[in-house]
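The values are calculated or read from the model by the stated rules, or taken from the named source; none is laboratory data. All of these numbers come straight from a predicted model, not from anything done at the bench. Please note: Cβ atoms are built from the backbone with ideal geometry, for glycine as well, and neighbour counts cover all protein chains shown. Protein only, heavy atoms only, side chains kept; ligands, DNA and RNA dropped before computing areas. Shrake-Rupley method; radii C 1.70, N 1.55, O 1.52, S 1.80 Å.
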Amino acid sequence: MTQQLINSLTEYLQKLGIENANISFQVPKQKEHGDVSTNLAMIYAKNLGKIPKAFAEELISVVSKVEGVEKAEIAGPGFINIFLKNDAVYQVLH
């Protein structure tokens, strides 16, 4: 599942001119913050001349199209919290 997210985000970032992006996800300490989260928008927004929160919105539109993603939300200055559909979580656990 995370590989699908990485592939989609990598492709999008390459279109913006960012090669070899270091994309990572963390498991939030609190369940209400999603199944995985990333600070990707805050890392690359400045390089692109964008505001992190606005760039996070762009990235959410990419993440939301990945099969298995239920929803994605912006938290704080540009963190992205990703919630997975139950069947996607079960697939990862298998």
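SER24 passes all but one of (1) closer than 13 Å to VAL62 by Cβ; (2) out of contact with any Lys or Arg (no Cβ under 9 Å at 6 or more places or on another chain); (3) not acidic (Asp, Glu); which number fails?
With (1) closer than 13 Å to VAL62 by Cβ; (2) out of contact with any Lys or Arg (no Cβ under 9 Å at 6 or more places or on another chain); (3) not acidic (Asp, Glu) applied to SER24, the lone miss is (1).
Residues in region 68-91 that are modelled with pLDDT of 90 or more and either acidic (Asp, Glu) or buried (at least 19 other Cβ atoms within 10 Å of the Cβ) (or both): how many?
Number of matching residues: 10.
Suppose the filter is assigned to a helix (DSSP H, G or I) and buried (at least 19 other Cβ atoms within 10 Å of the Cβ); does TYR44 pass it? Break it down stepwise before answering.
Details: assigned to a helix (DSSP H, G or I): yes; buried (at least 19 other Cβ atoms within 10 Å of the Cβ): yes.
Yes: the conditions hold for TYR44.
Since GLY17 meets every condition but one in (1) outside any helix (DSSP H, G or I); (2) open to solvent by 80 Å² or more (accessible area, probe 1.4 Å), which condition does it not meet?
(2)
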